[in-house]
1. So what's the gap between the Cα centers of the stretch 333-378 and the stretch 1-46, to the nearest angstrom?
2. Output the 0 to 90 degree angle, nearest 10, between the alpha-carbon long axis of helix 250-260 and the longest principal axis computed from the alpha carbons of the chain.
3. Mind pulling the angle between the C-alpha long axis of helix 384-398 and the longest principal axis of the chain? Nearest 10 degrees, somewhere in 0 to 90.
4. So if each residue of separation counts as 0.36 nm, and I subtract the Cα-Cα distance between LEU400 and ALA173, what length gain in nm does that give?
5. So which trypsin sites (Lys or Arg not before Pro) in the stretch 352-382 pass both tests, a DSSP loop state and at most 13 other Cβ atoms within 10 Å of the Cβ?
6. Please give the FRET efficiency for SER309 paired with ARG289, using the beta carbon to beta carbon distance and R0 = 22 Å, rounded to the nearest 0.05.
7. Can you tell me the alpha carbon radius of gyration of the chain divided by the globular rule-of-thumb value 2.2 N^0.38 Å?
8. Which whole-number value in Å² is the accessible area per residue of the stretch 62-260, probe 1.4 Å?
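The values are calculated or read from the model by the stated rules, or taken from the named source; none is laboratory data. Note that this is a predicted model, so its numbers are computed, not measured. Quick reminder, even Gly has a Cβ in these numbers, built from the backbone with ideal geometry, and neighbours come from all protein chains shown. SASA here: full protein model, heavy atoms, side chains in, ligands and nucleic acids out. Shrake-Rupley method; radii C 1.70, N 1.55, O 1.52, S 1.80 Å.
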Amino acid sequence: MTQTVCCDPRWRTATKLVRGGLTRSEFNETSEALYMSSGYVYESAEEAEAAFAGDKDRYIYSRYANPTLSMLEERLALLEGAEACATTASGMAAVFAALACQVEAGDYVVASRALFGSCLYIVTDILPRLGVETRVVDGTNLAEWEEALSRKTKCVFLETPTNPTLEIIDLAAVSALAHKAGARVIVDNVFSTPMLQRPLQLGADIVVYSTTKHIDGQGRALGGAILCDKEFHKEFVTPFMRHTGPAMSPFNAWICLKGLETLDLRVRQHCQNALQIARFLEAQATLDRVIYPGLESHPQHELCKRQMSGASTVVSFELTGGKETAFKFLNALEIIDLSNNLGDAKSLITHPQTTTHQRLSEDEREQLGIGGGLVRLSVGLEDPLDLQDDLGRALDFAQL
Ligand SMILES: *Cc1c(COP(=O)(O)O)cnc(C)c1O
């Protein structure tokens, strides 16, 4: 039999990250056990009958639940201050499940425009195909939210800070407007991580993560999570997950459990390095702009300080000279890797116009402030002085 080792919601964050949700088998292993099993066996036919009738609480099938996933779900819920959690096979599975489990034809959904590309596709292409009316607004413009939310709304979906221009959306203000319209607020909290921002405390109803990013943090495993209250979990998330099957692999859940143990340390260091890099970049005369919410020059620096406990692990900046100069710069980097992933121990850089946001029209990119010179840097855990050397060398080369 497995047993839950002590677990107290009053624990401080660092303790929750290391011990939250820990369950030990009869072998009393130190580290979280990895249960690579798709199914479970019963003592008797009667027990199987009772399990299926819901009279006996036990594991039935890993599409429904698995002990390694349960540990991760409990740890994430404890960390977020949420009543319940469901893990998913990827961040996109979490986003889609959080929306699809509750909407029906005829519903109306409002989202911010500056979304991760696939999230925007769900809002602008998939939901309308299912008969859901959707509208996108400029997330930083409260008047636009107010106007869009002047009628009955099923849900609001947003991401803050946004990708790749790191705009900050006022979670408390948007949540208040959304609730007046009868909507549930879903926040994609990937860029903030649970360490920097707790949307549920600011009025949001549901938080989604791609655990692929900082929670794994070392580029190994895809995964996602939905955090919400018990009622929403039971009524909407659980039946949707059980019957459509976007379950996370136990192996990936185990990787995330081990990743969480160091999340606090990593995110702090990522942010410290990112601020140092942002200040270094701001001192370079050859850049058009440097975007980092932790810089005094960021237009929403005050809002960032109010709703986040740290600025971000990502820095975006714009090179003078557009795409040609940007490509020359990217190709000259020796340490920083070209990759569209983020939140990794390794520093990764991407050119949004031609990669993550390639699918958008020129107009849409303009609305989002994504020009040919813009690059997005996910600052890793290398020595920031080495990153500065790499960036400085490549900037000099690109702008000769
Ligand atoms: C990566 C990401 C996703 C999607 O997550 P996957 O794990 O890649 O499916 C969703 N939202 C944001 C903000 C992301 O960065």
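1. So the separation of the two Cα centres works out to 39 Å.
2. Taking the Cα atoms of the chain, the angle to 250-260 is about 60 degrees.
3. Approximately 50 degrees, to the nearest 10.
4. Details: separation 227, 0.36 × 227 = 81.72 nm, distance 4.62 nm.
Taking LEU400 through ALA173 to full extension adds about 77.1 nm, to one decimal.
5. On the way: sites: ARG359, ARG365, ARG376; in loops: ARG359.
Of the trypsin sites (Lys or Arg not before Pro), the ones in loops of the stretch 352-382 whose Cβ has at most 13 other Cβ atoms within 10 Å are ARG359.
6. 0.30
7. Details: Rg = 21.8 Å, N = 400, 2.2 N^0.38 = 21.4 Å.
Computed over Cα atoms of the chain, the ratio equals 1.02.
8. On the way: 6610 Å² over 199 residues.
For the stretch 62-260, the per-residue accessible area is 33 Å².
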